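This report refers to the structure that appears directly beneath it.
Please treat every number below as a calculation from the coordinates, not as lab data. Keep in mind it's a predicted model, so treat the numbers as computed, not measured. As a convention, Cβ positions derive from the backbone with ideal geometry for all residues, glycine included, and neighbour counts pool all protein chains shown.
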Amino acid sequence: MKKFTLLSLAVFAMLSLTSCDTIGTIFEAGMWWAFFLVGAVIAVVLWLFTRGKK
């Protein structure tokens, strides 16, 4: 009975969770992290350049 419950839960999860939505969400989160990291790197580089002129 336990195997049947686990199997039915797995089948339900595969049918209800589409892979495209999951992958889309992962890439969207990755895109926002990339924007944040690029902005942080640009800010650090600008800070280093302005600090070096003094």
Need one number: nm distance between label points at residue 50 and residue 37, each 7 Å from Cα along Cα→Cβ, rounded to one decimal. 2.5 nm
Plugging the Kirkwood radius over Cα pairs into Stokes-Einstein for the range 2-52, at a temperature of 10 °C and a viscosity of 1.306 mPa s, what D comes out in µm²/s? 110 µm²/s
